[in-house]
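The values are calculated or read from the model by the stated rules, or taken from the named source; none is laboratory data. Computed from a predicted structure; not experimentally measured. Quick reminder, even Gly has a Cβ in these numbers, built from the backbone with ideal geometry, and neighbours come from all protein chains shown. Surface areas here come from the heavy atoms of the whole protein model, side chains and all, with no ligands, DNA or RNA. Shrake-Rupley method; radii C 1.70, N 1.55, O 1.52, S 1.80 Å.
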Amino acid sequence: MQPEARTNRTAVTGFILLGLVETDNLQPMVFVLLLFAYLVTVGGNLSILDATLVEPKLHTPMYFFLGNLLVLDIGCITVTVPAMLGHPLSHKRTVPYAGCLSQLFFFHLLAGMDCFLLTAMAYDRFLAICRPLTYSTHMSQTVQRILVAVSWACAFTNALTHTIALTTLNFCGPNEVNHFYCDLPQLFQLSCSSTLLNELLLFGMSFIMVGTTVVLIISSYIHVAAAVLRIRSAESRKKAFSTCGSHLTVVCLFYGSGMFNYMRLGSEEASDKDKGVGVFNTIINPMLNPLIYSLRNSDVQGALWRVLVERQSLT
């Protein structure tokens with residue numbers, strides 16, 4: 001930390017990330033677990049993405065959105081975990097101020113995109129089950145691209161707004177972040193100026209994003225459930241529900257942890273509970289998503305098996 005001119009709002013040139021654990025004896029074990037989680041997540045998501053690209057049966061709108069979701073999961077864990085892995089190797093936990101803002105921006109960009117993309121997937125299920133005769137028209141390739149483009153635009157606006165708002169705060173010490181990546185609630189606690197407006201902005205935008213998307217998702221699935229229950233065949237009902245089960249599981253995991261982390265007012269003290277939610281958001285969720293979408297989906301399992309067999313035959 002060095003004092004700077006009054007024209008510069010920030011007196012802190014960098015932040016010290018305390019990480020998941022502060023005990024040196026636990027660092028090697030944490031490093032191995034994080035590396036394993038990262039490799040499994042990237043490998044699992046890339047495998048399913050590969051299967052959806054090479055299997056013609058999976059060239060549908062649902063799997064188009066799923067492919068985008070898999071890319072987002074890879075990006076989300078890459079924003080946080082590689083930097084964490086580098087800290088024990090370099091014996092440095094300091095992150096430059098600009099680097100901290102960049103990490104925060106990309107994390108909120110990808111998380112926001114997740115939020116909107118899950119809503120698009122719910123809309124796709126609504127059209128497929130409740131409006132099957134007009135599905136191909138209402139979910140054409142043009143519509144799919146528009147939904148993804150609008151999702152990126154909304155997520156970008158949200159992330160940029162929070163990043164710019166953070167630059168208005170004064171940071172004059174201490175600069176130790178009780179977390180393993182830079183995020184808004186933890187940085188608010190280090191500000192030596194009022195964070196009320198920033199907290200209201202975070203709560204308000206989170207409420208709008210989460211409230212709007214949750215209402216749309218719930219509305220879609222109310223119509224889906226009503227349509228499925230009208231199906232006479234038990235086998236057809238089971239198949240219809242199974243196509244929605246994986247998506248609903250991911251939605252519950254994503255929104256549950258996100259609402260706990262961001263939809264709260266007041267600068268609460270950072271705790272291990274915040275770190276636990278952070279681990280869930282950035283590591284566990286991206287690692288579980290490939291399993292959720294493949295374990296109960298025979299089409300994905302078959303495509304993965306064929307990709308694996310083809311690779312073995314080539315070697």
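Scanning the stretch 58-70 turns up at least one residue that is open to solvent by 20 Å² or more (accessible area, probe 1.4 Å) and either outside any helix (DSSP H, G or I) or over 30 Å from A128 (Cβ atoms) (or both). If the condition is being within 19 Å of the chain's Cα centre (by Cα) and open to solvent by 20 Å² or more (accessible area, probe 1.4 Å), then the stretch 216-227 contributes only L216.
If you go through the stretch 150-203 and pick out every residue that is closer than 21 Å to D274 by Cβ, assigned to a helix (DSSP H, G or I) and not aliphatic (A, V, I, L, M), you end up with 9. Can you find even one residue in the stretch 63-78 that is free of Cβ contacts under 8 Å to residues at least 12 places away in the same chain and either out of contact with any strand residue (DSSP E or B) (no Cβ under 8 Å at 6 or more places or on another chain) or not hydroxyl-bearing (S, T, Y) (or both)? Within the stretch 63-78 (the criterion being free of Cβ contacts under 8 Å to residues at least 12 places away in the same chain and either out of contact with any strand residue (DSSP E or B) (no Cβ under 8 Å at 6 or more places or on another chain) or not hydroxyl-bearing (S, T, Y) (or both)), the answer is yes, since at least one residue qualifies.
Within this structure, T195 fails the test of being in contact (Cβ under 8 Å) with a residue 12 or more places away in the chain, under 30 Å from L20 (Cβ atoms) and open to solvent by 20 Å² or more (accessible area, probe 1.4 Å). When we screen T249, T243 for residues that are closer than 24 Å to L58 by Cα, surrounded by fewer than 17 Cβ atoms within 10 Å (Cβ to Cβ) and β-branched (V, I, T), the only hit is T249. Taking every residue in the stretch 104-130 that is among the acidic types (D, E) and pairing it with any residue that is outside any helix (DSSP H, G or I), at least 6 positions away or on another chain, the pairs with Cβ-Cβ distances below 9 Å are D124/T60; D124/M139.
Of the residues making up the stretch 113-127, none is at pLDDT below 90, surrounded by 15 or more Cβ atoms within 10 Å (Cβ to Cβ) and small (G, A, S).
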